[in-house]
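Structure first, commentary second.
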Amino acid sequence: MLELKNVSCGYGKREIVHDISFTVEAGEFVCVLGPNGCGKTTMLKAVLGILQPFSGIIMLGRRNLSCMREAELGQAIGYIPQAHTPPFPFLVKDVVLMGRTPHLPTLSFPKKEDREIALAAMDELKISYLKDQKYTRISGGERQLVLIARALAQQPKLLVMDEPTSSLDFGNQNNVLEKMRLLSRKGMSILMVTHNPDHALFCADKVVMMKRDGTMLRKGTPAETVSEESIQEIYKTRVKIDCIHLAEGGEIPVCVPVPSYMEQRLGA
């Protein structure tokens, strides 16, 4: 679906991301972990076609992404940013409907089918109650859910997310991650940047770990990549990774930071 081959990119003459290679297969959920300033968002801009790589190739399907037209990219890739400052007081349902724009001919209006798809996206995230409210008057967390619904209405093959849960409360974070995980199981490819190792442990099929200098530390399954040693290396914070056993059966891996006053007890 998506392949980065030895990609380096940045701004002007400044190279921030160095020689990154990984793939996102059809129906695969890939999380990118890394500290602030390592180039995660810069790399996403290259994937979105906003930045041209200094070197390397980005392939979307069998095509070089740099050769694709803007309308083609809009139909194939959906994007959910960290946050969005609304310039105009559109109704929520109209903001979600904007996700259908790449599928519409020039100067045409949305059809009944487009409106139905937008409403279905809001239903999927349980925000239909917001549809007639002004986007400028809802909370930041609600706006983020609206942006996610807009991306779902776009019906992309690849969904790119830059810390999509950063402004959501605990319950909505879990709700969004579960919905995204379900979408990937239905065949949508997802590339998500996050600072939270627990998000990668919870929903990722593959994890790409980036170092502060913009190079890649590891890539592979969560079990292969997210370890106490690797998290400490990229975040400079000691953690403990363990599994929580559920009464219903099964277990969930979790990553917990170790407070400095506890390190001596753990043999630091």
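The values are calculated or read from the model by the stated rules, or taken from the named source; none is laboratory data. Quantities reported herein were computed from a predicted structural model and do not represent experimental measurements. Here Cβ is always computed from backbone atoms with ideal geometry, including for glycine, and neighbour counts include all displayed protein chains. All accessible areas refer to the heavy atoms of the entire protein, side chains included, with ligands and DNA or RNA removed. Shrake-Rupley method; radii C 1.70, N 1.55, O 1.52, S 1.80 Å.
Some observations on this one:
- C-alpha long axis of helix 112-124 to longest principal axis of the chain, angle in °: 30
- Summed over the residues of the chain and divided among them, the accessible surface reaches 52 Å² per residue at a probe radius of 1.4 Å.
- Counting DSSP beta bridges with both ends in the chain, the antiparallel % (nearest 5): 60
- Along each principal axis, Cα extent of segment 123-266, largest first, Å: 55, 36, 31
- Labels on offer are [x] 19.7; [y] 18.2; [z] 21.1, and the one holding Kirkwood radius over Cα pairs in Å computed from this structure is [x].
- Applying a threshold of 29 Å to the alpha-carbon distances of Lys134/Lys211; Lys112/Lys206; Lys13/Lys179; Lys186/Lys219 flags Lys134/Lys211; Lys112/Lys206; Lys13/Lys179 as lying beyond it.
- Along the chain, longest interval not containing exposed trypsin sites (Lys or Arg not before Pro), exposed being DSSP loop plus at most 15 other Cβ atoms within 10 Å: 127-185
- For segment 142-268: relative contact order, % (alpha-carbon pairs under 8 angstrom, 6 or more apart): 16
- The chain - percent relative contact order, Cα under 8 Å, separation 6 or more: 24
- Extension gain from Glu178 to Arg69, taking 0.36 nm per residue of separation minus the Cα-Cα distance: 36.0 nm
- Using a probe radius of 1.4 angstrom, the carbon and sulfur fraction of the accessible surface of segment 1-89 is 51%.
- Angle between the chain longest axis and helix 170-185 axis [Cα atoms, degrees, rounded to 10]: 80
- For segment 1-115: relative contact order, % (alpha-carbon pairs under 8 angstrom, 6 or more apart): 24
- The chain: calculated mean residue ellipticity at 222 nm from DSSP helix runs of at least 4, using -39500 (n - 2.57): -9000 deg cm²/dmol
- Extension gain, Val256 to Asn36: 0.36 nm times the residue separation minus the Cα-Cα distance gives 77.3 nm.
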